[in-house]
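K.L.:
One structure, pasted below without further comment.
No value in this document is a laboratory result; all are computed from the given coordinates. Worth saying up front: this structure is predicted, and the values here are computed from it rather than measured. All Cβ positions, glycine included, derive from the backbone under ideal geometry; neighbour counts span all protein chains shown.
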Amino acid sequence: MTSTSMDRQLTEAQKSFMNLLATSALPVMAAPMFLVSGPDLVIACARAGIIGAYPAANARNIEALEEWMAHTSQEVQNIGPHAAWALNMIVHSSYDRFAAEIALVEKYQPKVVSTALGSPKRVLETVHGYGGVVMADITTPTLARKAADAGADVLVLVTNGAGGHTGHYHPFALLAEVRRFWKGPIGLAGAITTGTDVRAAQLLGADFVLAGTRFIATNESLAAPAYRELLITSKIEDLVQTKAVSGVLANWLKPTLDQAGFTAEQLKEEKKIDFSGDIASAPKAWKSVWSAGHGVGGIDRISQVEDVVQELRAGYAAALIKEQTDLAQLLPLYAAKNHPQ
Ligand SMILES: Cc1cc2nc3c(=O)[nH]c(=O)nc-3n(C[C@H](O)[C@H](O)[C@H](O)COP(=O)(O)O)c2cc1C
């Protein structure tokens, strides 16, 4: 189990995040996904008792984003005082909607703001100004230190096997290294598919998890019907990891790479990173080439968000019960000072 906020000397923002987790149905967040997560998914998450996030960039322009944020904050507020939602922002210097988006953050005050592809510094003052929590995605210990130094409240460790812009490192190793210098809340992301995965992440030292791929094949996601269907038939070996599509290492579903005409040679190329202009209508990346994480093999049907959360919760409870049985058997064997002969 995770240690208490007091043992860990958490900041006020970190404590407020841990309280949000404690009042969630499960220590799980629905991760933000480009062109996949929108208000319906995030509101459904809040109704099911977990925090969901959408990328600000998913709204086709700033006016549409304002409508999304006004609607989301109203609906989430109607659910009750513990309900929360998160906005994910691109903080890369080439992303030219940043100033307009941060103004909307100040206006609609999502309890959590997560940052991707750059330093969380750019959002800290605004989000802390209204008592919100800043969460930063990191893929390496170096980036974790930078995010911690910049003042992020929560770190999200994106590990190898994650859908979308994936990580390079094994979750065991990355968590262990980051835990050596970071006492604050940690979310683990990458191939989290079952309730047992959620519990396993906690045993490794995470406070919660983020699941992305698990929520694509839901009725509330923005994914095209063919994308959801493809997830049901896809397995881990149907994924290709490459930088060629968006310039950042990501896992892509092979049939969609083939359909978009990517050759084996092109998949070895690195595309330049550029988030300027209208990224939502970028021709190939994301729109017609679809991403999933290594957990894709665990998706067997299209569900309601509520059903996914209930399934994860039942699996998590079953993992806890199994742990109790295991403990009764294992503690006498292994917690004794000397090995019993
Ligand atoms: C289709 C897709 C799009 C994604 N887009 C974003 C994004 O826009 N911003 C972001 O921070 N993370 C994005 N991610 C990464 C997720 O937030 C999360 O880290 C990842 O889905 C976790 O791994 P999993 O899919 O194996 O659960 C995306 C993931 C997927 C599958």
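K.L.:
May I ask you to sort Lys107, Lys254 by Cβ crowding, counting other Cβ atoms within 10 Å and putting the fewest first? Provide the component values of the computation, followed by the final result.
P.N.:
Details: Lys107 12, Lys254 15.
Listed from fewest to most nearby Cβ atoms, that is Lys107, Lys254.
K.L.:
Whole-Å semi-axes of the chain's equivalent ellipsoid, largest first, each the root of 5 times a Cα gyration tensor eigenvalue? Don't jump to the answer; show the numbers that get you there.
P.N.:
Working: eigenvalues 183, 124, 82 Å².
Equivalent ellipsoid semi-axes, largest first: 30, 25, 20 Å.
K.L.:
How much length is gained on full extension from Leu327 to Glu229, taking 0.36 nm per residue of separation minus their Cα-Cα distance?
P.N.:
Working: separation 98, 0.36 × 98 = 35.28 nm, distance 4.01 nm.
My answer for the length gained is 31.3 nm.
K.L.:
Per the helix-only calculation at 222 nm, which mean residue ellipticity applies to the chain, given -39500 (n - 2.57) for every DSSP H run of n ≥ 4 and division by its residues, nearest 500 deg cm²/dmol? Present the calculation step by step, with values, prior to reporting the outcome.
P.N.:
On the way: 12 runs with 139 residues, N = 341.
Taking each H run of at least 4 residues, the total per residue is -12500 deg cm²/dmol.
K.L.:
Just to be sure I understand the curve: with the Debye formula and one point per C-alpha of segment 128-247, what is log10 I(q)/I(0) at q = 0.17 Å⁻¹?
P.N.:
For segment 128-247 at q = 0.17 Å⁻¹, log10 I(q)/I(0) is -0.93.
K.L.:
Work out the length of the dipole vector of the chain about its Cα centre, built from +1 on the beta-carbon of each Lys and Arg and -1 on the beta-carbon of each Asp and Glu, and round it to the nearest 20 debye. The partial results should precede the final answer.
P.N.:
Working: 29 positive and 33 negative charges, 151 e Å.
Roughly 720 debye, rounded to the nearest 20.
K.L.:
Figure the gain on full extension for Arg301 and Thr11 (residue separation times 0.36 nm, minus the Cα-Cα span) and round it to one decimal in nm.
P.N.:
Values: separation 290, 0.36 × 290 = 104.40 nm, distance 4.09 nm.
Between Arg301 and Thr11, full extension yields an extra 100.3 nm.
K.L.:
Of the options Leu26, Ala59, Ser94, report the single residue whose Cα projects farthest towards the positive end of the charge dipole of segment 16-110 (beta-carbon charges: Lys, Arg +1; Asp, Glu -1).
P.N.:
Looking along the dipole axis, the top candidate is Leu26.
K.L.:
Continuing with this model, one more query. For Thr126 and Ala22, calculate 0.36 nm times their separation in residues minus their Cα-Cα distance, and state this gained length in nm to one decimal.
P.N.:
Details: separation 104, 0.36 × 104 = 37.44 nm, distance 2.49 nm.
Going from the current span to full extension adds 34.9 nm.
K.L.:
On to the next question. According to the square roots a ≥ b ≥ c of the eigenvalues of the Cα gyration tensor, what is the shape class of segment 1-156, taking rounded for a/c under 1.5, prolate for a/b larger than b/c otherwise, and oblate for the remainder?
P.N.:
On the way: a/c = 1.67, a/b = 1.11, b/c = 1.51.
Taking the square roots of the gyration eigenvalues as a ≥ b ≥ c, segment 1-156 is oblate.
K.L.:
Where does each of 296-305, 229-238, 197-206, 316-325 land if you order them by average Cβ count within 10 Å, highest first? Display every interim value, and only then the final one.
P.N.:
Working: 296-305: 17.7, 229-238: 15.7, 197-206: 19.6, 316-325: 13.5.
My ranking of the peptides, most packed first, is 197-206, 296-305, 229-238, 316-325.
K.L.:
Let me ask you something else. For the pair Lys243 and Glu177, what calculated FRET efficiency results from E = 1/(1 + (r/R0)^6), where r is the Cβ-Cβ distance and R0 = 25 Å, to the nearest 0.05?
P.N.:
Working: r = 24 Å, r/R0 = 0.94.
Efficiency at R0 = 25 Å is approximately 0.60.
K.L.:
Another question, then. Among the listed pairs Lys107/Lys146; Lys243/Lys287; Lys146/Lys235; Lys121/Lys268; Lys107/Lys243, give every one whose C-alpha distance is greater than 24 Å. Mind showing how you got there, number by number?
P.N.:
Details: Lys107/Lys146 28 Å; Lys243/Lys287 16 Å; Lys146/Lys235 35 Å; Lys121/Lys268 33 Å; Lys107/Lys243 36 Å.
Among Lys107/Lys146; Lys243/Lys287; Lys146/Lys235; Lys121/Lys268; Lys107/Lys243, the Cα-Cα distance tops 24 Å for Lys107/Lys146; Lys146/Lys235; Lys121/Lys268; Lys107/Lys243.
K.L.:
Quick one: putting +1 on the C-beta of Lys and Arg, -1 on the C-beta of Asp and Glu, what dipole do you get for segment 215-273 around its Cα centre, in Debye to the nearest 20? Mind showing how you got there, number by number?
P.N.:
Values: 7 positive and 8 negative charges, 32 e Å.
Roughly 160 debye, rounded to the nearest 20.
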